[in-house]
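Report on the following structure.
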Amino acid sequence: MSRIKRVLIVLGSVVTVVVLTIGGLFTWLWTGADVSTAGRVDFDEKLAIPPLAKSSVDKDGTRVFDLRMRAGTTEFKDGVKTPTWGFNGSYLGPTLRAARDERVRVRIRNDLAEASTVHWHGMHLPARMDGGPHQMIAPGAAWSPHWTVDQPAATLWYHPHPHGSTARHVARGLAGLFLVDDKESGRLPLPKRYGVDDLPLVVQDVRFDGAKLDTGRGFLQNVGFLGDRTMVNGTLNPYQEVHDTHIRLRLLNASTARTYAFGFPDGRAFSLIATDGGLLERPTSMERVRLSPGERAEIVVRMRAGERVTLRSFPPDDYGDAWQRRFSGGDDTFDVLELRAADRLRPSPRLPAVLGRLEIPDGEEGAVRGRHFDLKRSGINGREMAMGRVDETVTRGTTEVWTVRNGNGMPHNFHVHDVQFRVLEVDGEKPPPALRGPKDTVFLPDGTTMRLALRFDGPADPETPYMYHCHLLYHEDEGMMGQFVVVEKGQRARIPAPHPTHARHTHGRG
Ligand SMILES: [Cu+2]
């Protein structure tokens, strides 16, 4: 009897200790999982503005740029040398800029010790020039894609896309902006002096491990790497002096996994003027703009003389359940940039009431077919990405309606190469204003279904696929990606050349 009692007491104590330990561990994990830099950033570093890339014009009128991918070190903090990668410099890259209808050529040289690619995110261009995982540039090799810019003014960007290694290459510093201009937007009274009242903001979250950039994914972070602070254009604690009453911010979320909701602590409204692929039809006043990885937004902020205003990222609305919010970044707050207004400001012209006209069909008339995409971390439509398999074949010159659904219990987003699409519906409703402009990447919290209208009017190439994928780069690298080709009517897709499917980090095709 007493022996059984003793056993029971010991057993009871063990169970109590285990329960308390697990409970304590969970409480510790839960309370330590959200991050905030609100009110804790010194803003003592002048914001770096990425230089405009030099270019020359060929005899045939082609604008030619040079980009060199290389390794180096960057001093983010005084006296601390961090190993990084960059284009033409040690971190990030210059801003390429070209006008609609211009022919461009970019001479890229890979001086890294491993193969990579350069993808033109948001650009409408032939599949062979797209810089996806089929256009690998071996170490020491060069690649010179060329195309005619054939889309409205927009804030696009470029970054590597080697299958299985994209997150690592982007997080090392390989990213830059590509601004497209056009005549119509050039005539609008919008802030347009680069680096003065028109500020490019490449936003990334980082975490330092000593001098090194940490890229490790934390326990329970199922979206990928999440940093504990942000930087803009490679500047930690950035401030920018401004001298105009209207300041245009071209926001790019160049983070590998984090979703931001940008706004201002004083609750001031700003005007959203452009989304991923260019201008909205009219400016829309709002207090927050949510950007998942890869998305862009252009906003105009009104400044008062002498004030200091913080651009903050707030916990995004509708990010997921409490678990996702806590462990995947949805409860986090960051002070991103301080705008310091001069004591006297130049008055900016009023924003125009009408900005542009959406060049994307609404898809309800003349859409030849629909397709469905089920987003799962294990793969899209139940299949993990395979380089040698074409998932979808699209006929050139047609409009399609794609239904994209995320029921995977975690946030995802969806990016389609080559096109700017129109969001028709979000969960059966008309999309909110921030999704009414041209888009190439959309955020889908768990439980969301979106219908998108896409028009495929580029050249057909049955042998070279474009990608569609989750732009949370950890998910993309894991295989949350598929391939489509654009063909002439009646043409068949031809399977891309055989490719090792297991050696994810060694696809070297010069
Ligand atoms: Cu995802």
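The values are calculated or read from the model by the stated rules, or taken from the named source; none is laboratory data. Values in this document were obtained by computation on a predicted structure and should not be read as measured data. Note: ideal-geometry Cβ built from the backbone for every residue, glycine included; neighbour counts use all protein chains shown.
So, in the stretch 443-467, how many residues would count as being in a strand (DSSP E or B) and away from the ligand (no atom under 12 Å from the Cβ)? Break it down into steps so the answer makes sense when it comes.
Quick first cut of the stretch 443-467, residues in a strand (DSSP E or B) only: 443-444, 448-456, 466-467.
Still in the list and also away from the ligand (no atom under 12 Å from the Cβ): 448-456, 466-467.
Adding up the residues that qualify gives 11.
Please enumerate the residues belonging to the stretch 412-430 that are away from the ligand (no atom under 13 Å from the Cβ) and either touching a Lys or Arg at 6+ places or on another chain (Cβ under 8 Å) or part of a strand (DSSP E or B) (or both). Passing the criteria: VAL416, VAL419, GLN420, PHE421, ARG422, VAL423, LEU424, GLU425, VAL426, GLU429. Filtered by the rule that a residue be surrounded by 15 or more Cβ atoms within 10 Å (Cβ to Cβ) and within 16 Å of the ligand (Cβ to nearest atom), the stretch 387-411 gives VAL404, ARG405, ASN406, ASN408, MET410, PRO411.
Quick check on the stretch 1-16. Is at least one of its residues outside the structural domain of ARG308 (by TED's automatic domain parsing), surrounded by fewer than 18 Cβ atoms within 10 Å (Cβ to Cβ), among the charged types (D, E, K, R) and under 25 Å from the mean Cα position of the chain (by Cα)? Can you show your working first?
Keep residues of the stretch 1-16 that are outside the structural domain of ARG308 (by TED's automatic domain parsing), which gives 1-16.
Those left that are additionally surrounded by fewer than 18 Cβ atoms within 10 Å (Cβ to Cβ): 1-16.
Subset that is among the charged types (D, E, K, R): 3, 5-6.
Next, from what is left, pick out any that are under 25 Å from the mean Cα position of the chain (by Cα): none.
Scanning the stretch 1-16, I find no residue that is outside the structural domain of ARG308 (by TED's automatic domain parsing), surrounded by fewer than 18 Cβ atoms within 10 Å (Cβ to Cβ), among the charged types (D, E, K, R) and under 25 Å from the mean Cα position of the chain (by Cα), so the answer is no.
Is it true that some residue in the stretch 103-124 is among the small types (Gly, Ala, Ser), farther than 21 Å from LEU52 by Cβ and either free of Cβ contacts under 8 Å to residues at least 40 places away in the same chain or part of a loop (DSSP other than H, G, I, E, B) (or both)?
Filtering the stretch 103-124 down to residues among the small types (Gly, Ala, Ser) leaves 113, 115-116, 122.
Retained after the next criterion (residues that are farther than 21 Å from LEU52 by Cβ): 113, 115-116.
After this cut, where a residue has to be either free of Cβ contacts under 8 Å to residues at least 40 places away in the same chain or part of a loop (DSSP other than H, G, I, E, B) (or both) as well, the list is 113, 115.
Yes, the stretch 103-124 has at least one match.
Of all residues in the stretch 373-386, those satisfying the criterion of being closer than 29 Å to GLN491 by Cα and either surrounded by fewer than 22 Cβ atoms within 10 Å (Cβ to Cβ) or in contact with a Cys (Cβ under 7 Å, 6 or more places away or on another chain) (or both) are PHE373, ASP374, LEU375, GLY379, ASN381, GLY382, ARG383, GLU384, ALA386. A single entry from PRO432, PRO445 fulfils the requirement of being over 28 Å from ALA127 (Cα atoms) and touching a helix residue (DSSP H, G or I) at 6+ places or on another chain (Cβ under 9 Å): PRO445.
For LEU351, indicate whether it is at pLDDT 95 or above and surrounded by 16 or more Cβ atoms within 10 Å (Cβ to Cβ). Steps first, please.
On the way: at pLDDT 95 or above: yes; surrounded by 16 or more Cβ atoms within 10 Å (Cβ to Cβ): yes.
In short, yes.
Restricting the stretch 463-479 to residues that are more than 18 Å from ARG389 (Cβ to Cβ) and of a type in the set (A, V, I, L, M, F, W, C) leaves a set whose member that is surrounded by the fewest Cβ atoms within 10 Å (Cβ to Cβ) is LEU473.
Residues in the stretch 252-264 that are crowded, with 24+ Cβ neighbours inside 10 Å and assigned to a strand (DSSP E or B): how many? Even if it seems obvious, please write down each step before you answer.
Here is the first cut: in the stretch 252-264, the residues crowded, with 24+ Cβ neighbours inside 10 Å are 252-260, 262.
Imposing the further condition that a residue be assigned to a strand (DSSP E or B) reduces the set to 252-253, 260, 262.
Total satisfying the criteria: 4.
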